Amino acid sequence: MDIGRQLDLYRDMWTIRAFEQGLEREFEAGNVPGMLHTGLGQEATQAALAAHLEATDCFFPDHRCHGLNALAQQRHGGDGRSIMAELFGRATGVCSGKGGSLHSADPSVGNFGDNAVEGSYMATVLGVALAYKLRRQDRVACAVIGDGTVGRGEFHESLNMAAIWDLPVLYACLNNGYAISLPAAQGLASADIVDLARGYGFPCVQVDGNDIVEATEAVATAFDHIRSGRGPYFIEFITWRWQGVFSGEFRSDEEVKYWKVDHDPILMAAEKLLRLDVPEDRLHAIESAERERIEEWIRFAKDSPEPDLAKATADVYIGWEVAGR
Amino acid sequence: MDIGRQLDLYRDMWTIRAFEQGLEREFEAGNVPGMLHTGLGQEATQAALAAHLEATDCFFPDHRCHGLNALAQQRHGGDGRSIMAELFGRATGVCSGKGGSLHSADPSVGNFGDNAVEGSYMATVLGVALAYKLRRQDRVACAVIGDGTVGRGEFHESLNMAAIWDLPVLYACLNNGYAISLPAAQGLASADIVDLARGYGFPCVQVDGNDIVEATEAVATAFDHIRSGRGPYFIEFITWRWQGVFSGEFRSDEEVKYWKVDHDPILMAAEKLLRLDVPEDRLHAIESAERERIEEWIRFAKDSPEPDLAKATADVYIGWEVAGR
Amino acid sequence: MTAPTEPHPKPGPRKTRKTRKTSMVKALNGALDLAMERFPEMFLIGESIGELGGDFGVTRRLWAKYGADRVRDTPLSEAAIIGTSVGAAMVGMRPVAEIMFADFLGECYDQIVNNAAKLHYMFDGQFSAPLVIRTACGAGFGGGPHHSQSVEGWFMNIPGIVIVAPSNPADAKGLLLAAIESDDPVLFLEHKALYRSRAEVDPGYYTVPLGRAAVAREGTDVTVVGTMRMVPMALEAAAVLAGEGISVEVVDLRTIRPYDAETVVESVNRTGRAVVVNEAPGTGGLGAELSARIHEECFHRLSGPVGRVDALDTPIPFSVPLENAIMPNPAIIADAVRRQMGRS
Amino acid sequence: MTAPTEPHPKPGPRKTRKTRKTSMVKALNGALDLAMERFPEMFLIGESIGELGGDFGVTRRLWAKYGADRVRDTPLSEAAIIGTSVGAAMVGMRPVAEIMFADFLGECYDQIVNNAAKLHYMFDGQFSAPLVIRTACGAGFGGGPHHSQSVEGWFMNIPGIVIVAPSNPADAKGLLLAAIESDDPVLFLEHKALYRSRAEVDPGYYTVPLGRAAVAREGTDVTVVGTMRMVPMALEAAAVLAGEGISVEVVDLRTIRPYDAETVVESVNRTGRAVVVNEAPGTGGLGAELSARIHEECFHRLSGPVGRVDALDTPIPFSVPLENAIMPNPAIIADAVRRQMGRS
Ligand SMILES: Cc1ncc(C[n+]2csc(CCOP(=O)(O)OP(=O)(O)O)c2C)c(N)n1
Ligand SMILES: Cc1ncc(C[n+]2csc(CCOP(=O)(O)OP(=O)(O)O)c2C)c(N)n1
Ligand SMILES: [Mg+2]
Ligand SMILES: [Mg+2]
């Protein structure tokens, strides 16, 4: 992969990291309502997906995909500030504050929104893919799922139906090792999730989700496969999330060190770039620029008004009004 | 397998066939309410299971298991007349007529009842198995499922959980090739259902479900495995059901001929026995005896009273009464 | 083989065939056919709805006419059927899903309640879910606890979902076409005991508006409100009561959610007495909602409390005599009306 | 890392800690601990309920004390969690399942409605399903459309299920122990906004009977009926109204199904006026049921129609100001009471 492209991806990972770190700070300060899951540690996979998703494709982001949601906007002509504002519940958010972290959709860039009932969109993605297929559009419908989500029955219904109908679905499974506190090896019959997916007969690969080059190339291969009409594809990205459960770390020091220092996607990418003689300054400049942009989005979100109260009863039905008090 | 055992199994298959044929005749005459699915053609698998299930084990019969339900009673000290009566909705039925064909439970012989929401007991069976395991009982909890039922999400949730907890579950999958009218090959990503089950890491075998010896030996191996504490086991029995959909046959003449003539479980077993020099009369006598017994059960059922109307409001709650009119 | 697999459960008595009368099954089939012609973005999805035409025959011949792409047989995957429908609807298709028996809606309850019903709202109007979920509900043929339920109570408290429940073939057709045209997700309840009921049905394309009740019989003494199979039962009771000099107005709700309170309230304000009939158990269902609403809106016009006729508060037993014992019937409805008139 | 994963969502304001007062979380935890000691056939099952102690901490320390066999972490398989519980209950175990958020009950709706609730009936009493399903419900912390719902309306029309809904720590403990002792399947609703509420709680083993309401405050002018978070809201309103010379009786239903109509009716017959409060949307939920029942039973004692305070008929938006706009609150309850008194 050429240096330019690697630098772009490096920047995208920083967009995500800066977004999540800024958000986390604001959440801890009590400025962000509800609950928060962050994509810290999983930037490479999200950046790899963002690099291939066209605005006319569809993706269902999971609860850690704020960064992917922002990147999608950015790559398709906008910036991520309305994603940020949504997390603050503001009128300027993509869903006017009605969705929040777990329901930030933006169909104009292919973002079909999270569904906070984990796994449910494994069923929904089939319908989008079916429509693409019936309309002979060479589009991709992508469901981002976690290792925990694999426990849901819809995993089976979805993979089975995608297979029998040869649907253009990409399953992007971010195996970060845990569902809340449950280790994947304890919750799943096979610690290698690909082995649970293989029975359905379409290509399943496992890749290092923290190696941006490997992750990007895997996504490229999958998109080629799907766009050329060859049916579904499953990628298991091995990754790790920084976030523990609640405010506590429950994993061993070694494990934390391995993932946050030795195998951090951004540090790994930086090392590679340095070895390719990219000056360290250049990398620092990328980080700073992203951090600055994110701070601006946060300011924008915080300066935005709360939604108009009329929104509370709007859009329940299309055919009927719902009465207020 | 010795001749005596083969003859026993032959008789058991006739119990099932006579039961279902008698029932079908009564259904067509309008004497059996509701709907009816029969186990005709699948006698070998059911007999093989019945031969190994102790009264202290548990099985969840599917909608074609009237014969298995009757056999279970017979092998454990009763006869099948209260199963027959239940199908007629009578007071003398195992559930006093409240359950019918799809909910004929008899816990005294390990029959935990069908659940007419196909597939739901794939989840329920886990709990029975878990209780056995926690209590250190070397019992087997068996779920009888069809190929169609494999489409349900619970298939995945169940196999996964049975695997991670190493539960004493036998999945007895009767692949008769169709879910109502949908060919298994069209509804499932793999026409070999074992291939969908293998990913969970416990033993999965595919056997000829119409060969009574092969089926029985497969069940024996599975029970050994499970009773010795080695966790779940999956058997796919390849079989075929006589019953089409509604009153129509939708399968090709060749297919019908193959299964009803060349590969019928009872004819195959008879051939084998004849080759072992069992006199034909002996086989006819078995058939006649079973047919006679079944006619007696049918008379019993038809002569039985309708349930007491007080049953309508009984047993909704244990802690509360429900008012009548 | 002559015995049916998953039923064809003798749904209701077969009426003597009169010329040009159309059964509800045929009326629904005709509606689907006309809609499939008119809306290229429409497709049908469900279990054995293709060549077989569905368990009750509602989709018969459509697979041959429109092909397997638009009349899609699925595996036994109720959650995926509804999920697929929602996803397709999100990108502008108009799926009409069949869930074979309403009792199986439990399998896709999450998809209906948390996905279809909330989609338009939670994404601030950016997506809509114009899908229809057709399903066979109701008792009356010994289907037992998992093939007989009235499920409107499962969905009564869910904003965002439309529930339609026709009582006759002509309404069924017009309401189904309106449901398909609707941009909101519609749960379309087809009562098994009405499938074979017959009436004159316009063979052309027409809609019956959602959210509007019909006065099935005019009267002046007591208003009886019901849906689906309760409507013919109420009409039967009304005919008997007419002979006793009691004039019953029968209101057929047709849409259960959002329902036409205006027509109900107007009628009760006129008659001053109301009986609400409902095939589901009494506690917490449609009957409770209607009773509450009528009391609230017509309190000062009512001479006594609204009468209620429901099924008993039990699951549905297999035995036909037991099933009959828990179900409403015309005699019970007539008694409730007589009580309203102080005649019992 | 300091940010929580799946929440710890600041559930309700943290009260200033007073000595010997116990939070609802602790009271529930104590109940589970006492029951686990007493009933060897009991086990806990759910997602991250083990070492972690559950998302809200209700099962904390029990894994360490009772081991992984009896405090079982599961994968994200809600249908299997309830299915497992039903199966175990069928052979005499007493499972207590945790469904992390009540909103996810859609995933196991079939298991609850078609399996647990009907088991005893359809098998003619041969099996019973003595399981408890604990779940965190309710709004008030910006959880958005899938983490905030009041789900009692989903189950109100289901015979065979018991629904328990405590409003305070002492009841919560006694009701949970009664639920565990119960041979019927119980859906046990824990309102997130009450988890941190505190009260004096007897540290020993005691039960509060299922199916019995409590009079949370005595009064003579108007009866207000509610559950869970609506009870403290009603009490707050009652305190304000007392200052205006209006005496409000607050009835805490505690069990929603089967509910204690007797206590409600007795109270309304005394006061002659009623307001029903309910955190769920108005249409077709608990509020409708209570309103219908009170009207039916107390019609001639009522001076006007029963007042109803519900959430608006919408999904639950993420934004806290929007959420507040759809939810009931003490001021709205007080207004409804004033209207009953003709003072508005
Ligand atoms: C159906 C359902 N069950 C449970 C939850 C609660 N929950 C939220 S996130 C989560 C863990 C998901 O694990 P995984 O898919 O691995 O994602 P991760 O958080 O590790 O990225 C759970 C159990 C939910 N949101 N939906
Ligand atoms: C959840 C659910 N969906 C649909 C049905 C309707 N139904 C009854 S039997 C059946 C086919 C089952 O196929 P299979 O498991 O292969 O059993 P077979 O009838 O072939 O023995 C279907 C779809 C049901 N009972 N439950
Ligand atoms: Mg994970
Ligand atoms: Mg089959």
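Just so it is clear, none of the values below were taken in a lab; they were calculated from the coordinates. Please read all numbers here as calculations on a predicted model, not as lab measurements. Every residue, glycine among them, receives a Cβ derived from its backbone with ideal geometry; neighbour counts consider all protein chains shown.
Residue by residue along C:98-109, Cβ atoms of other protein chains within 10 Å of the local Cβ number 5 on average. Candidate membrane-span-like segments in chain B, meaning DSSP H helices with Cα atoms spread over at least 20 Å of their own axis and a Kyte-Doolittle mean of 0.0 or above, are B:212-227, with no membrane implied. Dividing the radius of gyration of the alpha carbons in region C:22-201 by their Kirkwood radius gives 0.94 for Rg/Rh. Axis of helix D:261-271 versus longest Cα principal axis of chain D: the two differ by about 20°, to the nearest ten degrees.
Semi-axes of the equivalent ellipsoid for region B:110-205, computed as √(5λ) from the eigenvalues of its C-alpha gyration tensor and ordered from largest down, come to 24, 15, 10 Å.
Among the trypsin sites (Lys or Arg not before Pro) in region A:136-168, those located in a DSSP loop and surrounded by at most 15 other Cβ atoms within 10 Å of their own Cβ are A:Arg136.
Taking 22 Å as the straight-line reach from the Cα of A:Lys272, the lysines in range (excluding those fewer than 8 positions away in the same chain) are A:Lys257, A:Lys260. Would you mind checking the tilt of helix C:24-38 against the longest principal axis of the Cα atoms of chain C, expressed as 0 to 90 degrees and rounded to 10? Long axis of C:24-38 versus the principal axis of chain C: about 40 degrees. In a GNM of chain D with a 10 Å cut-off on Cα contacts, which of D:Gln111, D:Gln126, D:Gln149 has the highest mean-square fluctuation? Of D:Gln111, D:Gln126, D:Gln149, the Gaussian network model singles out D:Gln126 as fluctuating most.
Taking every lysine pair in region C:22-201 that is 8 or more places apart or spans two chains, those with Cα atoms closer than 20 Å amount to 5. Take the convex hull of the alpha carbons in the protein assembly as shown; its mean projected area over all directions comes to 48.3 nm². Label-point spacing for D:Arg270 across the identical copies (point 7 Å from Cα in the Cβ direction), in nm and ascending order: 4.3. The chain B residue nearest the rotation axis shared with chain A, using its Cβ and rounding the distance to whole Å, is B:Gly153, 1.
Sorted ascending by nearby beta carbons within 10 Å, beginning with the fewest, C:Thr314, A:Thr221 become A:Thr221, C:Thr314. Per-residue mean of foreign Cβ neighbours for C:137-149 is 6 (Cβ atoms of other chains, 10 Å radius).
For peptide C:65-78, the mean count of partner chain Cβ atoms within 10 Å of a residue's Cβ comes to 6.
Size of region D:214-340: Rg and Dmax of its alpha carbons, in Å, are 13.7, 44. Mean separation of Cα pairs under 8 Å and 6 or more residues apart, divided by the residue count, gives chain A a relative contact order of 22 percent. Using R0 = 60 Å, the C-beta based FRET efficiency linking A:Val205 and D:Arg301 works out to 0.25. With its label point defined 7 Å out from Cα along the Cα-to-Cβ axis, B:Ala91 lies at 7.3 nm from the matching points of the other copies, in increasing order. With R₀ fixed at 25 Å, the C-beta to C-beta distance from A:Arg25 to D:Ala331 puts the FRET efficiency at about 0.10. Among C:Glu152, D:Glu279, a tally of other beta-carbon atoms within 10 Å of each Cβ gives an order, fewest to most, of C:Glu152, D:Glu279.
Stokes-Einstein diffusion for region A:1-104, with the hydrodynamic radius set to the Kirkwood value over Cα pairs and evaluated at 10 °C in a medium of 1.306 mPa s, equals 115 µm²/s. For chain A, dividing the convex hull volume of the Cα atoms by the residue count gives 144 Å³ per residue. The mean sequence distance of close C-alpha pairs (under 8 Å, at least 6 residues apart), as a share of the length of region D:22-201, puts its relative contact order at 26 percent.
For chain D, the relative contact order is 16 percent, taking Cα pairs closer than 8 Å that sit 6 or more residues apart in sequence and dividing their mean separation by the residue count. Straight-line cross-link reach from B:Lys302 at under 17 Å between alpha-carbon atoms covers these lysines, not counting any fewer than eight positions away in the same chain: B:Lys98.
Listing C:Thr263, A:Thr239 from fewest to most neighbouring C-beta atoms within 10 Å gives C:Thr263, A:Thr239. Using a Gaussian network model of chain A in which every pair of alpha carbons under 10 angstrom is joined by a spring, one finds that among A:Tyr178, A:Tyr121, A:Tyr233 the greatest mean-square fluctuation is at A:Tyr178. Given chain C reduced to its alpha-carbon atoms as identical point scatterers, what log10 I(q)/I(0) does the Debye formula return at q = 0.07, 0.10, 0.11, 0.15 Å⁻¹? Each listed q corresponds, in turn, to -0.28, -0.57, -0.70, -1.27.
Here is how far apart the B:Glu249 label points are across copies: 7.2 nm, shortest first, using a point 7 Å from Cα toward Cβ. Against chain C, whose longest principal axis is taken from its Cα atoms, helix C:230-242 shows a tilt of about 30°.
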